[in-house]
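Take a look at this one; I'll ask things after.
The values are calculated or read from the model by the stated rules, or taken from the named source; none is laboratory data. Quick caveat: nothing in here was measured; it's all calculated off a predicted structure. Ideal geometry is used to build each Cβ from the backbone, glycine not excepted, and the neighbour counts take in all protein chains shown.
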Amino acid sequence: MPALISPSILSADFANLERDLAVIGGADYAHVDVMDNHFVPNLTLGLPVVRRLVEVSPVPIDVHLMIDDADRWAPAFAEAGAASVTFHAEATQAPVRLARELRRLGVRAGVAVRPASPVEPFLDLVDEFDMILVMTVEPGFGGQSFIEGTLAKIRRARAAITAAGAATWIQVDGGVSRDTIGRIAEAGANVFVAGSAVYGAPDVAAEIIALRTLAEAATAGAVPHQ
């Protein structure tokens, strides 16, 4: 499974988002964090902006909803043209029903869990989701340090996906950098959200290549998870 890099525009210049999307044309996705200042203590951007980002982005848009009432709002982001929509387990009443609705609308459906939230409720249902997002920092703000204890959660998720013969991806968001991406990939993740590591680099395009190369090298040398 190839390593996919999804730079987070949370670390971009919000006054120049089209410009900062253009420089990540070598990435696989653009990660767009939608925050409502209720589910998390931060406010970013909403549906009209996402709709416009879809129109100008050189890569598919990967929406991460950090909002309350995901059951109500998530389908609108699929209809806006996002390629992938991830909602939080903690913010939905019916995650399987919502994932099925997103798939019906033609997008990849992801479920996210905070660092302290269990992933186990979803491990018998991995076929219902295209992606499990393991948050490796507390959601809300970029630039936080990676939480090492989340690696065990990634390993458990990968083992369940492998056992089920599912094609579900594991995405990691938080503290992804050259220093951490190898351990994250070895644990079983294959989609990597990097914000400050990418946008803070002197050469954004080269950083994307470097992160992908490190992840794929770590995956190639990993022992399969049982």
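Among the residues of segment 30-71, what is the count of those that are touching a Ser or Thr at 6+ places or on another chain (Cβ under 9 Å), part of a loop (DSSP other than H, G, I, E, B) and either buried (at least 24 other Cβ atoms within 10 Å of the Cβ) or of a type in the set (D, E) (or both)?
1
Something else about it: Can you name every residue in segment 109-124 that is outside any loop (DSSP other than H, G, I, E, B) and surrounded by fewer than 17 Cβ atoms within 10 Å (Cβ to Cβ)?
Correct list: E120, P121.
Yes or no, residue by residue, for (1) surrounded by fewer than 18 Cβ atoms within 10 Å (Cβ to Cβ); (2) at pLDDT below 95; (3) touching a strand residue (DSSP E or B) at 6+ places or on another chain (Cβ under 9 Å):
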{"position": "D130", "(1), (2), (3)": "no, no, yes"}
{"position": "V134", "(1), (2), (3)": "no, no, yes"}
{"position": "P139", "(1), (2), (3)": "no, yes, yes"}
{"position": "A152", "(1), (2), (3)": "yes, no, no"}
{"position": "R158", "(1), (2), (3)": "no, no, yes"}
{"position": "I161", "(1), (2), (3)": "no, no, yes"}
{"position": "G165", "(1), (2), (3)": "yes, no, no"}
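What pairs come up if the first residue lies in segment 40-52 and is without any contact (Cβ under 8 Å) to a residue 60 or more places away in the chain, the second is surrounded by 15 or more Cβ atoms within 10 Å (Cβ to Cβ) and among the acidic types (D, E), and their beta carbons are under 7 Å apart, counting only those six or more places apart or on different chains?
Pairs that qualify, where the first residue is without any contact (Cβ under 8 Å) to a residue 60 or more places away in the chain and the partner is surrounded by 15 or more Cβ atoms within 10 Å (Cβ to Cβ) and among the acidic types (D, E), are L43/D36; T44/D33.
Quick check on G175: is it in a loop (DSSP other than H, G, I, E, B) and touching a residue at least 24 places away in the same chain (Cβ under 8 Å)?
It is true that G175 is in a loop (DSSP other than H, G, I, E, B) and touching a residue at least 24 places away in the same chain (Cβ under 8 Å).
With the requirement that a residue be under 11 Å from the mean Cα position of the chain (by Cα) and in contact (Cβ under 8 Å) with a residue 60 or more places away in the chain, what does segment 178-191 give you?
N190, V191
Residue by residue through segment 87-122, note down the ones that are under 13 Å from D68 (Cα atoms) and in contact with a Gly (Cβ under 8 Å, 6 or more places away or on another chain).
F87
Considering segment 5-28 alone, what residues qualify as being of a type in the set (D, E, K, R), assigned to a loop (DSSP other than H, G, I, E, B) and surrounded by fewer than 17 Cβ atoms within 10 Å (Cβ to Cβ)?
D13
Sticking with this one: If I ask for residues that are closer than 23 Å to L17 by Cβ, surrounded by fewer than 20 Cβ atoms within 10 Å (Cβ to Cβ) and among the charged types (D, E, K, R), which ones from segment 168-211 would you list?
D203 - this is the single residue of segment 168-211 that is closer than 23 Å to L17 by Cβ, surrounded by fewer than 20 Cβ atoms within 10 Å (Cβ to Cβ) and among the charged types (D, E, K, R).
Regarding segment 85-104, can at least one residue be identified that is surrounded by fewer than 23 Cβ atoms within 10 Å (Cβ to Cβ), within 15 Å of V193 (Cβ to Cβ) and not β-branched (V, I, T)?
no
OK, next. Would you be able to say whether some residue in segment 144-155 is out of contact with any Leu (no Cβ under 9 Å at 6 or more places or on another chain) and in a strand (DSSP E or B)? Let's see the steps before the verdict.
If we filter segment 144-155 for residues that are out of contact with any Leu (no Cβ under 9 Å at 6 or more places or on another chain), which is where we start, we get 144-155.
If we keep only those that are in a strand (DSSP E or B) as well, we get none.
No - not one qualifying residue is present in segment 144-155.
Right, next: Just need a number here: residues in segment 99-108 that are outside any loop (DSSP other than H, G, I, E, B) and in contact (Cβ under 8 Å) with a residue 24 or more places away in the chain.
Of the residues in that region, 6 qualify.
Out of all the residues in segment 115-152, which are over 16 Å from V176 (Cα atoms) and not hydrophobic (A, V, I, L, M, F, W, C)?
S117, P118, E120, P121, D124, D127, E128, D130
Also: Please enumerate the residues belonging to segment 197-226 that are assigned to a helix (DSSP H, G or I), in contact (Cβ under 8 Å) with a residue 60 or more places away in the chain and over 14 Å from S6 (Cβ atoms). Before you say what the answer is, go through the steps one by one.
Taking segment 197-226 first, the residues assigned to a helix (DSSP H, G or I) are 197-199, 204-220.
Filter again for in contact (Cβ under 8 Å) with a residue 60 or more places away in the chain, leaving 198-199, 204-205, 208-209, 211-212, 215-216, 219.
Result: A205, I209, E216, T219.
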